[in-house]
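**Student:** The following block contains the structure, expressed as structure tokens.
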Amino acid sequence: MPNLTDRIKLLVDWWPLVLLLQRIAAAKPGQQQAAAVVDSLLFLASKTEIEVDDKLCDHLRKLIATKEGGELVDYVASLVGRPSGV
């Protein structure tokens, strides 16, 4: 079982993710919310030692920033809100 110091360090290390998740919940649906998700993914990618996930998240962020990326996000969000089979 981790001691108090280890627990505090863990909380400090992962607190930015809690804030990012709050930002996702508060964001407007569509492009703004998707950008918040990508920022969360970038944070998680920063916790790994490999670079592929960082580069993939950077590409996703650039895609979402375009008009077409925003339209794609809105389309996918509309699908998620539909009942299955519709």
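**Student:** Apply the a/c threshold of 1.5 to the C-alpha gyration tensor of the chain and tell me whether it is rounded, prolate or oblate. Kindly include the intermediate steps, with their values, before the conclusion.
**Tutor:** Details: a/c = 2.60, a/b = 1.79, b/c = 1.45.
Prolate is the answer for the chain, as a/c is 1.5 or above and a/b outweighs b/c.
**Student:** Contour minus end-to-end for A77 and A27, with contour as 0.36 nm per residue of separation and end-to-end as the Cα-Cα distance? Mind dumping the intermediate values first?
**Tutor:** Values: separation 50, 0.36 × 50 = 18.00 nm, distance 1.32 nm.
Computed gain between A77 and A27 is 16.7 nm.
**Student:** Among A25, G69, V38, which residue has its Cα furthest toward the positive end of the charge dipole of region 4-80, with +1 on Lys/Arg Cβ and -1 on Asp/Glu Cβ?
**Tutor:** A25
**Student:** Testing the spin-label approximation: label points 7 Å from Cα along Cα→Cβ at S46 and N3. State their distance in nm.
**Tutor:** Going from the S46 label point to the N3 one covers 2.8 nm.
Bear in mind that the values in this text are calculations on the coordinates, not laboratory data. Since this is a predicted model, take the numbers as computed values, not measurements. All Cβ positions, even for glycine, are placed from backbone atoms using ideal geometry, and neighbour counts span all protein chains on display.
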